[in-house]
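These notes are about the structure you will find just below.
The values are calculated or read from the model by the stated rules, or taken from the named source; none is laboratory data. Note that the structure is a prediction, hence the values are computed from the model and not measured. Please note: Cβ atoms are built from the backbone with ideal geometry, for glycine as well, and neighbour counts cover all protein chains shown.
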Amino acid sequence: MSRFKKLSHSLYECKYPIVFCPKYRYKILRGELAEYFRAQLYRLSSQKDQVEILEMNVQPDHVHMILSIPPKYAVSHLVGFLKGKISIHMFQRYEKLGKSYWGRHFWSRGYCVSTIGLDEEMIRKYVKYQEAKERELEKTQQEFKY
């Protein structure tokens, strides 16, 4: 199986480690609440075409995930979608959360994201190699011109 995935006009491998926290970093994601959260996260991510949760670790005060996200989605929009929808579902199911999270803001505003991809040094070598090969090809083509 190829490590790259396909869309109609692109071939991609876009994996992102993402971390976000409940507001005030309250240690609230435990027991039934954590299980419900986890199930909602899988359900919501499956609603987006070709978004896949590769790894997930729910800690009481933060969430680590590795997501495979196709290039047609902005990471910020997907994280906003997940955090927003899960927040709505959590407040509907667990009304007691409204006492700790007045204003119905369950998550901290930001998140942390990085990229997982090919080795940077390997890419740099490939780019330099391509440049050298292009020069060599141009030189060869000019030698054969009349």
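A few notes on this one:
- Test: residue in the range 26-46 that is touching a residue at least 24 places away in the same chain (Cβ under 8 Å), surrounded by fewer than 17 Cβ atoms within 10 Å (Cβ to Cβ) and polar (S, T, N, Q): no
- For the range 98-138, a tally of residues being within 19 Å of Tyr36 (Cβ to Cβ) and surrounded by 11 or more Cβ atoms within 10 Å (Cβ to Cβ) returns 7.
- For the range 88-103, the set of residues classified as part of a loop (DSSP other than H, G, I, E, B) and either under 14 Å from Leu29 (Cα atoms) or touching a residue at least 12 places away in the same chain (Cβ under 8 Å) (or both) consists of Tyr94, Lys96, Tyr101, listed by residue number.
- Considering only residues in the range 102-122 that are in contact with a helix residue (DSSP H, G or I) (Cβ under 8 Å, 6 or more places away or on another chain) and modelled with pLDDT of 80 or more, the one that is farthest from His64 (Cα to Cα) turns out to be His105.
- Search result, residues across the range 77-97 that are exposed (fewer than 12 other Cβ atoms within 10 Å of the Cβ) and either under 18 Å from Phe37 (Cα atoms) or more than 25 Å from the chain's Cα centre (by Cα) (or both): Gln92, Glu95, Lys96
- Elements of type strands (runs of 3 or more DSSP E) in the range 1-54, at least 1 residues being out of contact with any strand residue (DSSP E or B) (no Cβ under 7 Å at 6 or more places or on another chain): 5-7, 10-12
- Condition met for Lys125 (in contact with a strand residue (DSSP E or B) (Cβ under 7 Å, 6 or more places away or on another chain) and at pLDDT below 95): no
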